[in-house]
Amino acid sequence: MAVFMEMIPVWLSVDDKRLVPDLQEAREKLDSSQGETVLDFSSVRRIDASALRAMEDLVGEADRKGVKVVLCGVSVAVYKVLKLAKLASRFSFTN
């Protein structure tokens, strides 16, 4: 008999003005995420170089821990920056 445990993802809202600290907090919570972390990016309108580095650190750590990172509500402008930085393929996206 197989028993399947429900995976409950960690859900975090990311604030445009606190993007890097919020991404660092998300990285720290990867251990408790049980396979998936969802970041609400609906309030993020732009990403700078320090935020890109924090996102790269986050997804690298998630890969090592086997955690899927889902970005929710990403604007077209933010998505384009992630695409140019070759980071978009490392995340999943949802509305």
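Taking Lys and Arg as +1 and Asp and Glu as -1, the other residues whose beta-carbon sits under 10 Å from that of Ala77 total +3. With contacts taken as Cα pairs under 8 Å at a separation of at least 6 residues, the chain carries a relative contact order of 28 percent.
As a calculated quantity, the FRET efficiency between Asn95 and Asp31 at R0 = 22 Å, using C-beta atoms, amounts to about 0.20. For the chain, the residue among Ala77, Ser92, Val10 whose Cα projects farthest onto the positive side of the dipole built from Cβ charges is Ala77. Here is the list for the chain: chymotrypsin sites (Phe, Trp or Tyr not before Pro) lying in DSSP coil, each with at most 13 other C-beta atoms within 10 angstrom of its C-beta, are Phe4.
For the chain, the Cβ-based charge dipole about the Cα centre amounts to some 420 debye (Lys, Arg positive; Asp, Glu negative; other atoms uncharged). The Kirkwood radius of the chain, taken over pairs of alpha-carbon atoms, gives through the Stokes-Einstein law at 37 °C and 0.692 mPa s a diffusion coefficient of 244 µm² s⁻¹.
Read the figures in this text as sums done on the coordinates, not as results from a lab. Just so it is clear, the structure is predicted and the values come from calculations on it, not from any experiment. Glycine gets a Cβ as well: all are built from the backbone with ideal geometry, and neighbour counts include every protein chain shown.
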